[in-house]
Number of protein chains: 2
Amino acid sequence: MIAIDDTHDPALTSWVASANGHADFPIQNLPFGIFSPAGGAARPGVAIGESILDLGGVAALLPDAVAPTLSGHTLNALFALPAADRLALRRRLSSLLADESHRAIVAPMLHDTAGCTLHLPAAIGDYSDFYVGIHHANNVGKQFRPDNPLLPNYKYVPIGYHGRASSIRPSGVPVIRPQGQRKAPDADAPTYGPSRRLDYELELGVWIGTGNPLGQLVPVAEAGGHIAGFCLLNDWSARDFQAWEYQPLGPFLSKSFHSTISPWVVTAEAMAPFRTAQPARPDGDPAPLPYLWDEADQAKGALALDLGVAIRTAAMRSAGLDPHPLSRGVATDMYWTVAQIVAHHASNGCNLNPGDLLGTGTISSADRDGLGSLMELSRGGAEPVVLPGGETRGFLEDGDEIILSATARAAGFVSIGFGACVATILPARPALP
Amino acid sequence: MIAIDDTHDPALTSWVASANGHADFPIQNLPFGIFSPAGGAARPGVAIGESILDLGGVAALLPDAVAPTLSGHTLNALFALPAADRLALRRRLSSLLADESHRAIVAPMLHDTAGCTLHLPAAIGDYSDFYVGIHHANNVGKQFRPDNPLLPNYKYVPIGYHGRASSIRPSGVPVIRPQGQRKAPDADAPTYGPSRRLDYELELGVWIGTGNPLGQLVPVAEAGGHIAGFCLLNDWSARDFQAWEYQPLGPFLSKSFHSTISPWVVTAEAMAPFRTAQPARPDGDPAPLPYLWDEADQAKGALALDLGVAIRTAAMRSAGLDPHPLSRGVATDMYWTVAQIVAHHASNGCNLNPGDLLGTGTISSADRDGLGSLMELSRGGAEPVVLPGGETRGFLEDGDEIILSATARAAGFVSIGFGACVATILPARPALP
């Protein structure tokens, strides 16, 4: 586990005034991303309050091992560094942004975030999505398989599948309503057209840092060291396509049309104070197999993160209404820790690479306030959610904007946030002839 | 459809003597790949008989649009060119290698294949695997779901799933036996260890050339133009892991430990004479939905390819025995054409990129001689295959070498082959603590 150090000191403040008291990006966070200033090329940066520090611009002030990784337009090279180098970078950045003596030399390398464009932080080699939100698995399982919601493997295997990397986009890129095959239960045959059951999914993303060569396993006790950081992930899903296509090989086009991530990588180092005990398994559940079991991971491997989903429809925007909260949850509703996910993924020898992205799967709570998809909230559309202004939603409509949020909290520490993970639904493109 | 032209003339010969009569790489083939000469860097090349032509070395003789794509160590930039540019390149290469007048300038850029290393031809952004071998789907379905082998969606949806790109390796790289969770039907709980039911799968790979932007669909009539070429694909599978993990999200670690491809890209242009009619669907099968239907694709979209699998065990190698044929098949046993696969993949707006790889899924024939996996041949291990020397195989053992082959044949044309797709099984690494 990464140690808590001076960079997490709640008394620490920055000479970047907007950082102090900032909900997402106080000096205790220092997330990495790729941004372009107006008219400029994409480059690595770190968020501090309402500004972004151009890392390449201060490379000469940074640890020697780090500087060469900052010249590209992805963070893959930074992710590939040993965790110790990333920690040294964090400490140096904390000092540069806290200590007034560095202001004169560092301040010219700050850009107002409002004038910048944020990009994907890494070239994502492979994206895998898991299914560790046990309440979600139960809720969805009941809709797809009423007699058999949670399959016998669930409590042994961190269930996951390969996802589509090419269609992952940063927050803000609109989502075009996908077209595909859907078959009503009472129809004889499917038809092709725009999805009628478009949904969001509240997930965490896990960025792989140092990878493992093909054939080399990652012990669960070391798996945390392979994680560079975290983001929010909205795994948009066309439930009608999913129900029709998913057997026997799993979801495919129901998920691959678009996934949205928050563009800032909240580092594993920044999350050190927000690690907590993995909740004990309910009585009767099997213990994890030895290759997934690590005492320290059980004691400190879970994430103390509050999660949220909100919606703002086109009508709400027109009426000047604020986004409406749909659900609130906590990341401790994951049945497996992120270290267990990584260890399992590599347990067959599969090589993970710097910049690979793992999704946790939808995180829902046991109660109704914490359901991480609209399919769960509306019980498959049967009980539409009532929104301010009287609109209802069984599934998403064109113009709907979905906003995911995450905040790490722990007593005695300054909370840190993940920043925006937002996108709006656009109408389907004209159908094929 | 790509026209047949002078480059396919059966009377055409090359001044590279080994090309004439070559089983795989006569001058009518001209497949692209990435190779390193001894001590040299990886670079694009074209196979001609027992030699490889260094494309960068003759760049000045090639079409202007092509030359800039030949300086890297992948073919992604070449794949991204419009199909017309690839066709111009083919015509020029055919002329350079046929016409004795070019020999003096071109011959110094030839390398003996035996002294070269072959690499993956492209940086594979995403790998998707389909399931279009209907006899395979039926055979496997019977083993996993005896009461329900072919699901209701099969004849409407070109079923596919996302695969793992990072663990794809070129022919010749050994396969380490994977470890993972497997549960015997009569066991209370799974255990973790080396796979006991390791299998091969005979597939074709389809290389994406020009891609499509996110949200833009690919009409089936245009889908062929997005295909750069073809390869062989061995989708190694741990059947014990697969049976335990695959519900509800599909195969994951049972497939992601290693996939082997033949390193030469047999271009769509080279395959022009070997396109044939898609077999008529059996009476009672539904017609494809309109977005998957194209008259010309039905008339000429299938591939006239003979396929084969052979095995050589360690004992057979020691005894000096030749590889033993396990099965023979034909690519017309695909229920969907490659154009239908591409159109379906993009039908939800999913963006395909140059260098993406699609697998067809295992291609089995209806009869016992054409089964594309050992699981089918041995009926799940219950009827082990007898090999020369008396050994038997229910599933693969350490030291087994599996050899896939493909040859395109058509009356009046010179046959072309895909080259080697071979790998040997190594023992599992020591288990995790």
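On the basis of being within 11 Å of another protein chain (Cβ to nearest Cβ) and buried (at least 17 other Cβ atoms within 10 Å of the Cβ), does A:His135 make the cut? Spelling it out, it is not the case that A:His135 is within 11 Å of another protein chain (Cβ to nearest Cβ) and buried (at least 17 other Cβ atoms within 10 Å of the Cβ).
Tell me the residue from B:Pro170, B:Pro149 that is of a type outside the set (Asp, Glu) and surrounded by fewer than 21 Cβ atoms within 10 Å (Cβ to Cβ), please.
B:Pro149
Applying the set (1) out of contact with any helix residue (DSSP H, G or I) (no Cβ under 7 Å at 6 or more places or on another chain); (2) surrounded by 15 or more Cβ atoms within 10 Å (Cβ to Cβ) to B:Pro68 leaves exactly one unmet item: (2). For region A:164-189, give me each residue that is of a type in the set (D, E, K, R) and either facing chain B (nearest Cβ under 7 Å) or under 15 Å from B:Asn348 (Cα atoms) (or both). Across region A:164-189, the qualifying residues are A:Arg164, A:Arg177, A:Arg182. Would you check if there is a residue in region A:407-420 being more than 13 Å from chain B (Cβ to nearest Cβ) and without any contact (Cβ under 8 Å) to a residue 60 or more places away in the chain? Yes, because at least one residue in region A:407-420 is more than 13 Å from chain B (Cβ to nearest Cβ) and without any contact (Cβ under 8 Å) to a residue 60 or more places away in the chain. In summary, strands (runs of 3 or more DSSP E) completely within region B:184-255 and bearing 1 or more residues that are crowded, with 24+ Cβ neighbours inside 10 Å occur at B:202-208, B:227-234.
Yes/no per residue for (1) under 22 Å from B:Phe230 (Cα atoms); (2) in the same structural domain as B:His226 (by TED's automatic domain parsing); (3) of a type in the set (Phe, Trp, Tyr); (4) in contact (Cβ under 8 Å) with a residue 60 or more places away in the chain:
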position	(1), (2), (3), (4)
B:Arg43	yes, no, no, no
B:Ile52	yes, no, no, yes
B:Leu55	yes, no, no, no
B:Val58	no, no, no, no
B:Leu61	no, no, no, no
B:Ala65	no, no, no, no
B:Pro68	no, no, no, no
B:Leu75	yes, no, no, yes
B:Ala80	yes, no, no, yes
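Could you tell me whether A:Ala280 is in a helix (DSSP H, G or I), more than 24 Å from A:Phe418 (Cα to Cα) and assigned by TED's automatic domain parsing to the domain that holds A:Thr210? Judged against the criteria, A:Ala280 is not a match. Restricting region B:201-223 to residues that are among the small types (Gly, Ala, Ser) and within 18 Å of B:Phe32 (Cβ to Cβ) leaves a set whose member that is nearest to the other protein chains (Cβ to nearest Cβ) is B:Gly211.
The set of residues from region A:283-322 being of a type in the set (Asp, Glu) and either under 18 Å from A:Met334 (Cα atoms) or not assigned by TED's automatic domain parsing to the domain that holds A:Ile402 (or both) comprises A:Asp283, A:Asp285, A:Asp294, A:Glu295, A:Asp297, A:Asp306. Within region B:140-163, being touching a Leu at 6+ places or on another chain (Cβ under 9 Å), facing another protein chain (nearest Cβ under 9 Å) and assigned to a loop (DSSP other than H, G, I, E, B) holds for B:Arg145, B:Tyr156, B:Val157, B:Ile159. Only one of the listed residues (B:Asp126, B:Asp54) is buried (at least 21 other Cβ atoms within 10 Å of the Cβ), farther than 29 Å from B:Glu201 by Cα and among the acidic types (Asp, Glu). That residue is B:Asp54. Residues that are closer than 20 Å to B:Cys421 by Cα and within 14 Å of chain A (Cβ to nearest Cβ) within region B:88-130 comprise B:Leu120, B:Ala122, B:Ala123, B:Ile124, B:Tyr127, B:Ser128, B:Asp129, B:Phe130, listed in sequence order.
What residue, of A:Ala331, A:Ala319, A:Ala346, A:Ala315, is under 18 Å from A:Leu204 (Cα atoms) and of a type in the set (A, V, I, L, M, F, W, C)? Just one listed residue meets the conditions, A:Ala331.
The values are calculated or read from the model by the stated rules, or taken from the named source; none is laboratory data. Just so we're clear, the structure is a prediction, and the values are computed from it rather than from any experiment. Positions of Cβ are backbone-derived with ideal geometry, glycine not excepted, and every protein chain shown enters the neighbour counts.
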